[in-house]
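Worksheet: one structure, shown below.
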Amino acid sequence: GSNVVQELETRFLDKYDADGDGTVTTNEALAVYEAAAEQWVTNLLARFDLNGDGAITTDELPRYRWGYDRSFLAGYDLNGDGVISNVELVAAAESRANDLLERLFTRYDADGDGVISKEESLAVQQAIVDEKIAAILAKFDLNQDGNITGAEINSVLQARTRTWSFWNR
């Protein structure tokens, strides 16, 4: 279990800890999310900006039997003109990056000091591993003794096979 937690923590720090000091600041995390948001804008433009003008209009949205998918426009067309401009896409991307940053720090920054320490990261990674182990035990530890045997795994898999066979007749 400990090696898995260490690996998760290492991946986390590799992704967010730009200066390698063992902590993640809001600026470091924001840089990661801003890069992701820029990629998101690039992907949206690549998919929907058919004429390459840097904006997305209703004419460029997929048409369905019931018309345009206007729900796509609703969240990004800030001035309601039926066009998602580059400025509106950047604003949406910044909002998305800030939301991701807030979720990251809500989850990892236990003491609320604006820095995610190695210890805070490790605690979250340990909790993730503990949750996964608990889910595996709940699924396979049929006698609830805290251990999983080959017989218990076979029982669960056989029950699944019988259920799947029943529904696929």
Failed item in (1) under 30 Å from LEU44 (Cβ atoms); (2) at pLDDT 90 or above; (3) open to solvent by 40 Å² or more (accessible area, probe 1.4 Å), with GLY112 passing the rest
(1)
For the stretch 53-81, which residues satisfy the criterion of being at pLDDT 65 or above, surrounded by 12 or more Cβ atoms within 10 Å (Cβ to Cβ) and outside any loop (DSSP other than H, G, I, E, B)?
ILE56, THR57, THR58, GLU60
Got a number for residues in the stretch 107-124 being in a loop (DSSP other than H, G, I, E, B) and free of Cβ contacts under 8 Å to residues at least 60 places away in the same chain?
5
Quick count over the stretch 7-52, residues being open to solvent by 70 Å² or more (accessible area, probe 1.4 Å), of a type in the set (Ser, Thr, Tyr) and not in a helix (DSSP H, G or I), is 0
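The values are calculated or read from the model by the stated rules, or taken from the named source; none is laboratory data. In this text the structure is predicted, and so the values were computed from the model without any measurement. Here the Cβ is made from the backbone with ideal geometry for all residues, glycine too, and neighbour counts use every protein chain on show. Only protein heavy atoms, including side chains, enter the accessible area calculation; ligands, DNA and RNA are left aside. Shrake-Rupley method; radii C 1.70, N 1.55, O 1.52, S 1.80 Å.
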